[in-house]
1. Based on DSSP H assignment, which helices of the chain show an axial Cα extent of at least 30 Å together with a mean Kyte-Doolittle hydropathy greater than or equal to 0.0?
2. Can you list, largest first and rounded to whole Å, the semi-axes you get for the stretch 17-100 by taking the square root of 5 times each eigenvalue of its Cα gyration tensor?
3. Residues with beta-carbon under 10 Å from that of ARG72, excluding ARG72: net charge, scoring Lys, Arg +1 and Asp, Glu -1?
4. Which of the trypsin sites (Lys or Arg not before Pro) across the stretch 1-102 are loop residues per DSSP, with 11 or fewer other Cβ within 10 Å?
5. What accessible area per residue, rounded to a whole number of Å², is obtained for the stretch 17-100 using a probe radius of 1.4 Å?
6. Can you list, by residue number, the Cys in the chain that have no neighbouring cysteine C-beta under 4.7 Å?
7. In whole angstrom, note down how far apart the Cα centers of the stretch 63-140 and the stretch 1-47 are.
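The values are calculated or read from the model by the stated rules, or taken from the named source; none is laboratory data. Given the structure is predicted, the values throughout are model-derived calculations rather than measurements. Here Cβ is always computed from backbone atoms with ideal geometry, including for glycine, and neighbour counts include all displayed protein chains. These accessible areas exclude ligands, DNA and RNA; they are computed on the full protein's heavy atoms, side chains included. Shrake-Rupley method; radii C 1.70, N 1.55, O 1.52, S 1.80 Å.
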Amino acid sequence: MLWRWRDACIRFMAGRYGGDRLNTALIGVYFIFWLVSLFVRDVLWGLAIRLLGVAILAVVFYRMLSRNIAKRQAENSWFLGVWYGMKDWFRRQKIRVRDAKRWRYRRCPYCKANLRLPIRRGRRTVTCARCHSPFKAFFL
Ligand SMILES: [Zn+2]
């Protein structure tokens, strides 16, 4: 009985996309919406937030059951790019805060390299370590 149900599930999901990181993230967003809706006093706003959550869940199911696997993979890889970009940005901010006493970070206006410079206060000319172009930088 249980086996037949399991077989039916497998047959139903055959050729369909299933889960990925984007879907997991969307389910997380759904739970955040649901949690927020618990604390919203206004009935209409609470309902609107809940409906938005249900819409997100509908997208999750649509993506899971989709047969257009290439498109779903493209969406997922776009999402992963954004996700890792954000993670990297936060990691860099953490390093900046950690190094704030000794170093300042400036972007070279010519080659866009991120430069870590020793703090010497005031306006001064800096030479880029990558492209060797001089540019003016201000240090507080
Ligand atoms: Zn440069």
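1. On the way: long enough: 43-65 (33 Å, 2.03); 69-99 (44 Å, -0.92).
Correct list, ordered by number: 43-65.
2. Values: eigenvalues 154, 115, 10 Å².
In descending order, the three semi-axes are 28, 24, 7 Å.
3. Details: positive: ARG16, ARG63, ARG67, LYS71; negative: ASP20, GLU75.
Neighbourhood net charge equals +2.
4. On the way: sites: ARG4, ARG6, ARG11, ARG16, ARG21, ARG41, ARG50, ARG63, ARG67, LYS71, ARG72, LYS87, ARG91, ARG92, LYS94, ARG96, ARG98, LYS101, ARG102; in loops: ARG16, ARG41, ARG67, LYS101, ARG102.
Of the trypsin sites (Lys or Arg not before Pro), the ones in loops of the stretch 1-102 whose Cβ has at most 11 other Cβ atoms within 10 Å are ARG41, ARG67, LYS101, ARG102.
5. 75
6. Singleton cysteines: CYS9.
7. Answer, in whole Å: 34.
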